[in-house]
Amino acid sequence: MNSVSHVLLASHGTEGALAAEQMALSMCAKGAKLHHLIVVPTLWQGMTGDDWLNNGSTRDTFRRYLEGELGREVDEHCERVNKFAEENELEYSKEIVLGEPDECLIDSSKRDKFDLVIMGSPRPKGKKGLRSRMKTEILTRALTIPLLIVPYPTQ
């Protein structure tokens with residue numbers, strides 16, 4: 001595969017995203033720029049459990065807990081990707097945004113001159129976990145640079 005010098009990597013730490021990370025690292029030339037985009041979907045804003053948390057104080061406590069856990073997971077994920085980038089002599093930057101994944105990726109792709117966008121494919125049916133909210137049809141029509149969707153890893 002040809003090496004690239006500036007990649008936009010959409011990754012959030014799932015198995016599919018880890019495959020995309022590995023592909024990005026293998027495609028980047030030494031000294032290349034790796035911009036890591038993490039989108040926290042807006043669905044997390046509604047995770048205050050209104051149906052079982054019956055007062056404002058309890059909801060706020062739970063919301064702060066959830067935000068702290070998400071923040072910790074995102075920080076650990078960024079540190080791991082940054083370490084891999086350093087080991088591969090890549091320049092690492094990150095962007096953490098709250099929003100709809102496809103819209104955020106499109107917006108991020110317009111902020112700099114990227115050679116390639118890399119992301120993992122959606123989780124296959126039957127695999128446990130949150131379903132991707134990435135609308136690939138919208139994404140493929142809106143991007144003005146090449147997109148590589150890395151296949152979900154097989155066991």
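When the pairs Lys110/Lys135; Lys30/Lys135; Lys30/Lys94 are compared against a 27 Å limit on Cα-Cα distance, Lys30/Lys135 fall above it. Of all aspartates and glutamates in the structure, the ones whose alpha carbon falls short of 16 Å from that of Lys113, not counting any fewer than 8 places away in one chain, are Glu91, Glu95.
Modelled spin-label separation between Lys125 and Thr140, with each label point placed 7 Å from Cα along the Cα-to-Cβ direction: 1.9 nm.
Once backbone amide H atoms are built at 1.01 Å from N, Ser121 has Val150, Tyr152 as its partners under 5 Å, excluding neighbours fewer than 5 places away on the same chain. Name all residues of region 12-26 having a backbone nitrogen under 20 Å from the label point set 7 Å from the Cα of Glu91 along its Cα→Cβ direction, giving them as ranges. Taking a point 7 Å out along Cα→Cβ of Glu91, the residues of region 12-26 whose backbone N falls under 20 Å are 24-26.
Where a number appears in this text, it was derived from the coordinates with a stated rule and is not lab data. Values in this document were obtained by computation on a predicted structure and should not be read as measured data. Cβ coordinates were reconstructed from backbone atoms using ideal geometry, including for glycine residues, and neighbour counts include every protein chain displayed.
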